[in-house]
Amino acid sequence: DSPPPPLVFDHHNPRAFAAAPTTPAQPRAAEERRRAEREEEKRRALLNDELVQVMPRVTEANALANELRRKIKFETKITPVMSKNEGLISQVIVQLTDQESGLEFRWSKDKFINRVYLMREMFEKYSAGELDLGALEPDEDPFWDPNEAVNVGYCTVFFKPLAYCMPIDDDQQIYVQTESQGIMHIKMEPCKPDGSAISEEEEESIYDDITDPTDLRGRRLDVLVQVQHARGLPSKFNAEVFVEFELYKAPNPNRPDGKYLTPVVKGTSNPDFNFSQHVTWESVDEDVLNHLLTGNAFFNVFGLQEDKSGTAQTSKKKLLTAGEVEELQAELKKLGELEEKHMAL
């Protein structure tokens, strides 16, 4: 509770003291503090409820894995996650470690609880002699997950220098939850309409007349985005690694989700991507200008874990190599040229 307001002398009644008047800001601040405390209590109660649901089932899942002769270990984890509405919050997850392959998977509470029911059914069939574990298909195995690319971490690049037509060229910290997991070198700079870089030796630049971000209103802005390399990634993701990002009001026209992907690099925790992407804002409106001044982009690193056993099945999703990306871009460019010729006719 907030402290009582101070007492002041009442000139109309020398024997009486009156409470000092409070400003509107005082009750507002107190109410906001109480609201924040109530929200925190709700989050703690929800977290406790999730732990009550998960922890006994983790013990059960480990017992079932042992009975079914599976070298798998389940652990309860509390991990910080970034929520758009609530900021950084704690969440209960379950980590599965396959002790033969060395692969680790993180399951949400709901996914884990659903799998426990399937594990029980599997154990009942096995105990009744109705199930041959050796003939079990992966898709029928509640302990199995495909080894597919997972989010290794992300870095945040703020756009403000671009609002002044200045380059961004720096090592960015890669974060997994709240811990640093290496660096990524990203360069973003205004460029020519054909995507080529503006040389410092050139006497005049198309952006020389931009002295204030507001000068960009209604102007075309071309930016060359380069994801050059990453260093110090966790070695367990050496099988494959790539970077994914999206830009505000500048989607990738070649993908339904509008995201950009670098080529896949294999066999290293220090990948060189050497990826360049030319993006264009045809006319900088107020939303784009505000985003350049105050916004950012997330560059997400995805990695595929190395399977030490050599037996785990990976996802069927095929990721493009650097050569395949170049071939695809060349084909798309040819198609675009043909379409332009057809439209001209």
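The values are calculated or read from the model by the stated rules, or taken from the named source; none is laboratory data. Just so you know, these numbers come straight off a predicted model, no measurement behind them. When we count neighbours, we look across all protein chains shown, and the Cβ atoms used for this are built from the backbone with ideal geometry, even at glycine. We work out accessible area using only protein heavy atoms, side chains counted, and drop any ligands, DNA or RNA first. Shrake-Rupley method; radii C 1.70, N 1.55, O 1.52, S 1.80 Å.
The rows are residues; the columns are (1) touching a residue at least 40 places away in the same chain (Cβ under 8 Å); (2) within 19 Å of Phe143 (Cα to Cα).
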site	(1), (2)
Arg28	no, no
Val54	yes, yes
Ala63	no, yes
Leu88	yes, no
Phe105	yes, yes
Met122	yes, yes
- Query: Which number in (1) farther than 30 Å from Gln226 by Cβ; (2) crowded, with 16+ Cβ neighbours inside 10 Å; (3) of a type in the set (S, T, N, Q) marks the one condition that Thr97 misses?
  - Reply: (2)
- Query: Has the stretch 195-202 got at least one residue that is at pLDDT below 95, more than 18 Å from Gly295 (Cβ to Cβ) and open to solvent by 80 Å² or more (accessible area, probe 1.4 Å)?
  - Reply: yes
- Message: Can you tell me how many residues within the stretch 227-262 are open to solvent by less than 40 Å² (accessible area, probe 1.4 Å), over 18 Å from the mean Cα position of the chain (by Cα) and not polar (S, T, N, Q)?
- Response: 2
- Message: If I go through the stretch 157-209 residue by residue, how many of them are touching a His at 6+ places or on another chain (Cβ under 7 Å), assigned to a strand (DSSP E or B) and under 22 Å from Trp281 (Cβ atoms)?
- Response: 1
- Unmet criterion (only one of (1) closer than 30 Å to Gln226 by Cβ; (2) surrounded by 15 or more Cβ atoms within 10 Å (Cβ to Cβ); (3) basic (Lys, Arg)) for Lys160: (2)
